[in-house]
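Shown next, in structure tokens, is the structure this report addresses.
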Amino acid sequence: MLNAILTSSSAIDSLVEKMSTELATQAVLFIHNSGQILARSGKLQEEEYPTVAALLAGMVAAGTSLMSAASNDSPEEDRKRFSCEYRSGGIYAVAVGESYWIASVYEEILNPGLLRMRLRKYAEILEKINTPQALFTKPGCDPAPVLNMPEANFENITDEEIEELFQSRL
């Protein structure tokens, strides 16, 4: 049922809003590894969301590096999860595929185990969307084409060639 509606950004926004309400958290963020916010909902101030997303992306990058240095296990063997907790609250994040994360910012949650279990279930729902283009394609519309340009095309380009390219467009 949910798979059928998860084909547009508005559906993802709705799901994230539902998560925020159901989990009774301060905020839920769906972000890219880079820290770009794809969807968000909650009680945080508008200007706090980019900060939380950037810090979360940094936490994920640092945790992944530490994990690879300290363990012989491959991080891909299990769904990646990160948390940062204090007595009164914390952040819990679960990987959604290779490049995305769903995270919950919470305060004084009554049952942290239940919050984690539900967030992992939502991550599984979001992961059923296989391609990043599917996240933001409206039903009935063709997705934007992906250019397949090998990096080798730009390896030996000179400054003169770059200037010539842009001057010919003026």
Long-range amide H partners of residue 38 with built H, under 5 Å:
30, 31, 32
What is the sum of charges around residue 104, taking Lys and Arg as +1, Asp and Glu as -1, for the other residues whose C-beta is under 10 Å from the C-beta of residue 104?
+2
Name the residues of region 79-98 whose amide N is less than 19 Å from a point 7 angstrom out from the Cα of residue 43 along the C-beta direction?
85-92
Grab the Cα-Cα distance for residue 70 and residue 17, subtract it from 0.36 nm times how many residues apart they are, and report the gain in nm with one decimal.
15.4 nm
Residue-wise HN-Hα coupling along region 19-36, computed from phi with Karplus coefficients 6.51, -1.76, 1.60 (Hz; x: Gly, Pro)
4, 4, 5, 5, 7, 6, 10, 5, 6, 10, 10, 10, 10, 8, 3, 6, x, 5
From phi via Karplus (6.51, -1.76, 1.60), per-residue ³J(HN,Hα) for region 116-128 in Hz, x at Gly/Pro:
5, 4, 5, 5, 5, 5, 5, 4, 5, 5, 5, 6, 5
Stretch residue 124-residue 167 to full length: gain in nm at 0.36 nm per residue minus the Cα-Cα span?
10.5 nm
Considering only Cα-Cα distances, which of the following residue pairs are longer than 20 Å: 80/128; 80/121; 43/128?
43/128
Would you order 64, 25, 158, 51 from fewest to most other beta-carbon atoms within 10 Å of each residue's own beta-carbon?
158, 51, 64, 25
Footprinting exposure proxy for 117, 67, 19, 59 (fewest neighbouring C-beta atoms within 10 Å first):
117, 67, 59, 19
Within-13-Å neighbourhood charge of residue 27 [Cβ basis; K, R +1; D, E -1]
-3
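Every number here is computed from the coordinates shown, using simple stated rules; none is lab data. Only a predicted model underlies this, so the values are computations on that prediction, with no experimental measurement involved. No Cβ is skipped: glycine too gets one built from the backbone with ideal geometry, and neighbour counts run over all protein chains shown.
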